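A short worksheet on the structure shown next.
The values are calculated or read from the model by the stated rules, or taken from the named source; none is laboratory data. The model shown is predicted, which means the values in this text are computed figures rather than measured ones. Positions of Cβ are generated from backbone atoms using ideal geometry, with glycine treated the same way; all protein chains shown enter the neighbour counts.
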Amino acid sequence: MPTEIADQNFENLPPEEEKISQKMTKKPIFIFAGIFGGLLVILLAITILFSLKQNQPTPTTQATPTPTPTLPPQEEITSPSPYATDSAVLKMEEEIKNLDQELTSADLKESGLNPPVLEMKIKFEK
């Protein structure tokens, strides 16, 4: 039951297989040429658009005098928020101020936790 191994001599291909192999080798060249051509067209279009945009004249603006106000603007004095005088809000503000003072006066370094100094001069006698 020997298995047949196909002839792998590619130099002597029959005419039909040769046509197929030629089509297969030419197809990637056309794909590459199409992609390259498309990129070239896009690049050319972008270049033309930029050149047209730069050649357009910029619109000139005429300086118009700024109007001067006749009367100074009047400020509206509004009543403060109802929470500005609320006892609970005032109490919270006082507690926040106290907490802020405690935080600023806190010793964050805690120098009592530093390790002892171990640099000592040791001399040995003979």
Next on the checklist: Can you report the number of residues in the range 98-126 which are surrounded by 10 or more Cβ atoms within 10 Å (Cβ to Cβ) and on the phi > 0 side of the Ramachandran plot?
Outcome noted: 0
Item to check | Neighbours by Cβ (under 7 Å, 6+ apart or cross-chain): first from the range 68-80, among the aliphatic types (A, V, I, L, M); second assigned to a loop (DSSP other than H, G, I, E, B) and at pLDDT below 75 | outcome: none
Checklist outcome for this item: Reported set for the range 73-102 where residues are touching a helix residue (DSSP H, G or I) at 6+ places or on another chain (Cβ under 6 Å) and among the aliphatic types (A, V, I, L, M) is V89
Item to check | Condition met for T68 (out of contact with any helix residue (DSSP H, G or I) (no Cβ under 8 Å at 6 or more places or on another chain), part of a loop (DSSP other than H, G, I, E, B) and not charged (D, E, K, R)) | outcome: yes
Next on the checklist: Contact list please: Cβ distance under 6 Å, first residue in the range 89-118 and free of Cβ contacts under 8 Å to residues at least 40 places away in the same chain, second residue in a helix (DSSP H, G or I) and surrounded by 10 or more Cβ atoms within 10 Å (Cβ to Cβ), pairs at least six apart or on different chains.
Outcome noted: none
Checklist entry - Residues of the range 95-126 being part of a loop (DSSP other than H, G, I, E, B) and among the polar types (S, T, N, Q), which ones? => result N114
